Each structure stands twice: as structure tokens, then as C-alpha cells.
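One structure below.
Only the coordinates and a few stated rules stand behind these numbers; no lab work does. Worth saying up front: this structure is predicted, and the values here are computed from it rather than measured. Using ideal geometry, Cβ is built from the backbone for each residue, glycine included, and neighbour counts are taken over all protein chains shown.
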Amino acid sequence: MTVVYDKLKECVAAVRAVTSFEAETAITLGSGLGGLCDNIVAEATIPYAMLPYFPVSTVSGHDGEFVFGTLGGKRVVAMRGRVHYYEGYSPEEVVMPVRLMRMLGAEKLILTNVSGAVNPAYGVGELIALKGHIASFVPSPLRGENAEEFGVRFPDMSEVYSLRIRKIMQKIASELGFEYKEGVYLQAPGPQYETPEEVRAFGLLGADLVGMSTAIEAVAAKHAGMEICGVSCVANMACGVGSGKLSHEEVKAAAAKSSPLFVKLITELAANI
């Protein structure tokens, strides 16, 4: 049995000492998007700091706790805040929360983030469904000894983001009255924002969005057999695409502005996937 799996078993035991709640769907919330948790009818809340070996959020806008409860009539576990590679954690540590939620019973995963738009056809505040990602600029969370308890040594990544769920999301977007758009997300290591030259290169590679999370979490979730969807809130136009300097405060403000529609979309997704 792998060391990572042993550590996660201890985390499971710590959670189960607090709650026996079994979630159907896991939700990871990006910067400024944690307000969704206020709409969850909570049965238990567990700070990351209570769990052995667990990474703790150090970034403003990431509270660092699991919320267990119901959303849209379905049983969910949500991360109010995530941890990032740029905080100094290893990729293996960054994906511990996703793997833990899988071990706690979640079979589906809604990954959310805020991002910079590489594609000039997008606008600030738009919600974009992820159809694919580029994770080549950050180390794989599957490096090292394979955790066979989760999946095979060489997992297939031909459809990381579920086409089935994307079709459901398209229908929900129509019902909520906003234009459905899909894009490819590129994870950069951070924490610095990308240069205009990097953004142009990312566009040539096929990226529509750039951010500092999500892709390695999706890799780990796919490895563990979860069905995944991704939703990105455009917080700004990436460097060189728009004008002006970028800041984390701008990111949180854009997320807050999009929050009402974001909450409706994620609630409907939880209810229908």
C-alpha cells in the first residue's frame, strides 16, 4: 500500500470521527467563489487544519474547509478554498483533497476556478465550461510510486471533462439565459501572472484560459475514476490581451460580481448530473 494512500486513510478516519455523511458529488471552489457554500444545507464543516498531513490554504479568498451537506437536493462535499502548487506544496499534496473526497464516496467532481482569458472572444465575468486542459507546465501529481488503490499506472486522458455533463451544462445555461461557451484551460505554475509573451505562446498552443490550479486536480480525479466537469469564471483578460496591470484583488472582485449566476449554475449542475 502506498504512503499517500496510508496518509489519506488517516484523513478519512479523522473525517469519519466527525461525520458519516456520504456525498455523491465533490465541488472544488476557486478564489472568491466560496460563497456557494452559504447555499449548502450543511451537516458538517471540517477545517483542513483538523486533518493529519493535510495542506492548508494560505491565500486570501481561500478559507480552507470542507462543507458537507445538500445542494440542489443532492448530497455534496465542497471545498471552501483550495491549495495551490505555487504555495510551495507538491503536486501530490495539492491533489490530496480531491483524492480524499473520492475516498469519502464522491463519484462526480465539479472543478471551478477563476482565470485569465487568452481568447479575446471571452469577456470578464463569463462562465466557461472546460472541454480540455494543458497541464504540461506543472509536474504531474501521478509521478512516483503509483497509487494503485486509485487507478492504473498510465491512465487515459482522452476525455478528462465529461461530454455527458457538458451537454447538461449547455442545457442549464440556456435555461438560465446565458450563452454557453467552452474552452481549453492551461495551468501555469504561478504565483506570478503570465507575461504577454507567455500568453501569446499559450494561445498558439490552443489555450483559451490560463490560471494556476485545476488541471492537476483533474488529472488525479480522472486517475481515480471520477466523472469531471470544469467551470471557469473569467476574472480578467490575460496579460497582453487586455490593458492594465493584473491583481488578486481584481480577481476576487470579478468572482464576487459573477457569484449570483455562478451559484445558480453550480446548484443546477449538482442537482442534474
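Below 15 angstrom from the Cβ of Ala201, what's the summed charge of the other residues (Lys, Arg +1; Asp, Glu -1)?
On the way: positive: Arg200; negative: Glu194, Glu197, Glu198, Asp208.
After counting each charged neighbour, the total is -3.
Please work out which option in [x] 56, 41, 34; [y] 50, 40, 34; [z] 96, 57, 44 gives Cα extents along the principal axes in Å calculated from these coordinates, and answer with its label.
Among [x] 56, 41, 34; [y] 50, 40, 34; [z] 96, 57, 44, the one derived from this structure is [y].
Check cross-link reach from Lys171 to the aspartates and glutamates: straight Cα distance under 12 Å, and skip same-chain residues fewer than eight apart.
Output for Lys171: Glu179, Glu268.
Go through Lys222/Lys245; Lys7/Lys264; Lys108/Lys257; Lys9/Lys252; Lys9/Lys264; Lys181/Lys252 and tell me which ones have a Cα-Cα distance over 29 Å in this structure. The partial results should precede the final answer.
Working: Lys222/Lys245 35 Å; Lys7/Lys264 35 Å; Lys108/Lys257 27 Å; Lys9/Lys252 34 Å; Lys9/Lys264 34 Å; Lys181/Lys252 22 Å.
Beyond 29 Å between Cα atoms: Lys222/Lys245; Lys7/Lys264; Lys9/Lys252; Lys9/Lys264.
Find how much the distance from Ala42 to Phe137 grows on full extension, using 0.36 nm per residue of separation minus their present alpha carbon separation; answer in nm with one decimal.
Details: separation 95, 0.36 × 95 = 34.20 nm, distance 3.68 nm.
Difference between extended and current length: 30.5 nm.
Please list 17-27, 211-221, 197-207 highest first by mean number of surrounding beta-carbon atoms within 10 Å per residue. Please list the in-between numbers first.
Details: 17-27: 17.8, 211-221: 25.8, 197-207: 16.1.
In decreasing order of mean packing, 17-27, 211-221, 197-207 become 211-221, 17-27, 197-207.
Which value in deg cm²/dmol, rounded to the nearest 500, describes the helix-derived mean residue ellipticity at 222 nm for the chain, given -39,500 (n - 2.57) per DSSP H run of n ≥ 4 and division by the residue count? Please list the in-between numbers first.
Details: 7 runs with 84 residues, N = 273.
That calculation yields -9500 deg cm²/dmol at 222 nm.
What nm value, rounded to one decimal, do you get for the distance between Lys74 and Ala253 when each label is placed 7 Å out toward the C-beta?
3.4 nm
Just to verify a number: FRET efficiency for Glu175 and Val3, C-beta to C-beta distance, R0 = 41 Å, to 0.05?
Numbers: r = 46 Å, r/R0 = 1.12.
Efficiency for this residue pair is about 0.35.
Just to be sure I understand the curve: with the Debye formula and one point per C-alpha of the range 1-127, what is log10 I(q)/I(0) at q = 0.19 Å⁻¹?
-1.07
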